[in-house]
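The values are calculated or read from the model by the stated rules, or taken from the named source; none is laboratory data. No experiment lies behind these values; they were computed from the predicted model shown. Positions of Cβ are generated from backbone atoms using ideal geometry, with glycine treated the same way; all protein chains shown enter the neighbour counts. Side chains included, ligands, DNA and RNA excluded: accessible areas come from the protein's heavy atoms. Shrake-Rupley method; radii C 1.70, N 1.55, O 1.52, S 1.80 Å.
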Amino acid sequence: MRNHLLLTALFLLPAAAAAADESPSIPTAEEIVARMGSRDLQRQVSIEGYAGMRRYVLDNQHLHKRAEMLVQVQGDPDGTKHFEVVSEEGWKAAHKHVLRKMLESESETSHPKLAPKLESIPKTTTSKWLERK
């Protein structure tokens, strides 16, 4: 019985190796960038009517200071986010220098004209992501 198992395993090994060679090909950089652009466009379209509440908490245990901010966020059809502070509690310097600046930065980078754009990779660029031997 044991010999039958070993013999079967020996016959299956070449079949498994052949199946491994037929794995899907690795996508090119251009295909990856195109897919990323397509998914980003889908995300922007789905953000239309997006509204929600966020709660940010900054806790500095070393200085024994804490700041908390409740924010309402709304998304435009073009992907731009708008924030409105509902309440602030705690460490005032953190609100001014950290939390509000973070909201400004996210609002600015969500604007389609300022957000980084995916550009196609020049044809002269070649890269190997995975090298097979």
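Odds and ends about this structure:
- Condition broken by Pro77, with the remaining ones in (1) of a type outside the set (S, T, N, Q); (2) at pLDDT below 85; (3) open to solvent by less than 60 Å² (accessible area, probe 1.4 Å) satisfied: (3)
- Per the listing Gly52, Gly37, the residue uniquely within 22 Å of the chain's Cα centre (by Cα), surrounded by fewer than 11 Cβ atoms within 10 Å (Cβ to Cβ) and modelled with pLDDT of 65 or more is Gly52.
- Residue in the range 55-90 that is nearest to the chain's Cα centre (by Cα), counting only those that are among the polar types (S, T, N, Q) and in a strand (DSSP E or B): Gln74
- Annotation note: Cβ proximity below 9 Å between a residue of the range 91-115 that is touching a residue at least 40 places away in the same chain (Cβ under 8 Å) and part of a helix (DSSP H, G or I) and a residue that is aliphatic (A, V, I, L, M) and surrounded by 12 or more Cβ atoms within 10 Å (Cβ to Cβ) (sequence gap 6+ or interchain) occurs for Val98/Leu58; Val98/Ala67; Leu99/Leu58; Leu99/Ala67; Leu99/Met69; Leu99/Val71; Leu99/Val85.
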